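A.B. asks: Can you keep this structure in mind? I'll have questions shortly.
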Amino acid sequence: MLQLEHLGRPQLAEKKTVFVAFAIEDQRQRDLLKGQTLHSRAPYEFIDMSVKEPYDSGWKEKVRTRIRRSHGVIALVSKNSLTSSGQNWEIQCAKEEGKPLLGVWAYSTDRTALNGFRTVTWSDVNIASFIDSL
């Protein structure tokens, strides 16, 4: 009987789930982020709660469940973030759930600041480093 050796074989990395918080006005940027392949070393997926009516019945509980199941949260930050009650609630929820949170400026010409977390420029290196750290 042959025994198969598993030593020395690379282990498959756990697929990381990253919740994306964004203002509905920045949906195109969210689409770009979700469509971007950062690198193949770490498998990952982006999820979000794209809704036009953020306060439908049960919306907050659905968001909280998705954030709880995520390894971390990326907030696409822009001037629209300042008035997006849905995105701001998602960010607050991520903080309450103790999830790692990274802000990424959605546009190269917009450096809106949100308090309580680090915001970086949109680059493969910055986003991949965050995902690798999860």
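A.B. asks: Can you tell which of Ile91, Ile131 is among the β-branched types (Val, Ile, Thr), outside any loop (DSSP other than H, G, I, E, B), under 15 Å from the mean Cα position of the chain (by Cα) and under 17 Å from Asp26 (Cβ atoms)?
C.D. replies: Ile91
Let's see how each residue does on (1) closer than 22 Å to Ile91 by Cα; (2) at pLDDT below 90:
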{"residue": "Leu2", "(1), (2)": "no, yes"}
{"residue": "Lys16", "(1), (2)": "yes, yes"}
{"residue": "Ala23", "(1), (2)": "yes, no"}
{"residue": "Asp26", "(1), (2)": "yes, no"}
{"residue": "Lys34", "(1), (2)": "yes, yes"}
{"residue": "Ser40", "(1), (2)": "no, yes"}
{"residue": "Ile47", "(1), (2)": "yes, yes"}
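A.B. asks: Follow-up question, since we're still on this one. In region 108-124, how many are more than 15 Å from the chain's Cα centre (by Cα), over 16 Å from Gln87 (Cα atoms) and surrounded by 11 or more Cβ atoms within 10 Å (Cβ to Cβ)?
C.D. replies: So the count comes out to 2.
A.B. asks: Of all the residues that make up region 101-112, how many are more than 22 Å from Gly35 (Cβ to Cβ) and touching a Ser or Thr at 6+ places or on another chain (Cβ under 7 Å)?
C.D. replies: Here the count works out to 1.
A.B. asks: Taking Gly86 and the conditions (1) out of contact with any strand residue (DSSP E or B) (no Cβ under 7 Å at 6 or more places or on another chain); (2) at pLDDT 90 or above; (3) surrounded by fewer than 19 Cβ atoms within 10 Å (Cβ to Cβ), which numbered condition does it fall short on, given that it satisfies the others?
C.D. replies: (3)
A.B. asks: Only one of (1) of a type in the set (Lys, Arg); (2) surrounded by fewer than 17 Cβ atoms within 10 Å (Cβ to Cβ); (3) in contact with a strand residue (DSSP E or B) (Cβ under 7 Å, 6 or more places away or on another chain) fails for Lys99. Which number is that?
C.D. replies: In the conditions (1) of a type in the set (Lys, Arg); (2) surrounded by fewer than 17 Cβ atoms within 10 Å (Cβ to Cβ); (3) in contact with a strand residue (DSSP E or B) (Cβ under 7 Å, 6 or more places away or on another chain), Lys99 misses (2) alone.
The values are calculated or read from the model by the stated rules, or taken from the named source; none is laboratory data. As the structure is a computational prediction, the values presented were derived from the model and not from experiment. Positions of Cβ are generated from backbone atoms using ideal geometry, with glycine treated the same way; all protein chains shown enter the neighbour counts.
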